């Protein structure tokens, strides 16, 4: 009886271990696709503005972008300050999904909000991402990096046709 129980436990552990280690490895494909975003990697500094309930407010901005998990994800850390006080802090993770063949970003802000956005590569050094913000609003951002300068705009639309800019920043690559 003891031998039967030992055999059953061994078989269960072996089957579970095989299931874990038998997962497909998409890392080569994902790393290759994530290289399309290499232009973002580095330390960036500059300034920007955003429309707030108090009107247009300017900030100093720092972005720190790096690969993680062996190059399969891109971490995006952004901090906006005004008069040495943090007024905006965000963290994002950009990924490539090998099943849908698309890019996405999960983004979080220190005010306790999170969103999941669709990311599209438009051209070399140029991407956009967008997400629904409630039942009728879509928010989109567009980023272009040329010659070490990061230019990003943010817009919102209630109908998907008429867009209103609410954000802009320009950063220079520091490293």
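For this structure, a couple of remarks:
- In the set 109, 119, only one residue is at pLDDT 95 or above and over 18 Å from residue 49 (Cα atoms); that residue is 119.
- Some residue of segment 43-65 being surrounded by 13 or more Cβ atoms within 10 Å (Cβ to Cβ), modelled with pLDDT of 95 or more and touching a helix residue (DSSP H, G or I) at 6+ places or on another chain (Cβ under 9 Å): yes
- Test: residue in segment 153-162 that is under 17 Å from the mean Cα position of the chain (by Cα), buried (at least 16 other Cβ atoms within 10 Å of the Cβ) and either at pLDDT 95 or above or closer than 19 Å to residue 74 by Cα (or both): yes
- Answer residue from segment 87-108, given it is more than 11 Å from the chain's Cα centre (by Cα), without any contact (Cβ under 8 Å) to a residue 24 or more places away in the chain and assigned to a strand (DSSP E or B) and is nearest to residue 29 (Cα to Cα) among those: 97
- Only residues that are assigned to a loop (DSSP other than H, G, I, E, B) and either surrounded by 14 or more Cβ atoms within 10 Å (Cβ to Cβ) or touching a helix residue (DSSP H, G or I) at 6+ places or on another chain (Cβ under 6 Å) (or both) were counted in segment 109-132, giving 1.
- Residue within segment 77-85 that is assigned to a strand (DSSP E or B), free of Cβ contacts under 8 Å to residues at least 24 places away in the same chain, over 16 Å from the mean Cα position of the chain (by Cα) and at negative phi present: yes
The values are calculated or read from the model by the stated rules, or taken from the named source; none is laboratory data. Keep in mind the model is a prediction, meaning the values are calculated, not measured. Cβ coordinates were reconstructed from backbone atoms using ideal geometry, including for glycine residues, and neighbour counts include every protein chain displayed.
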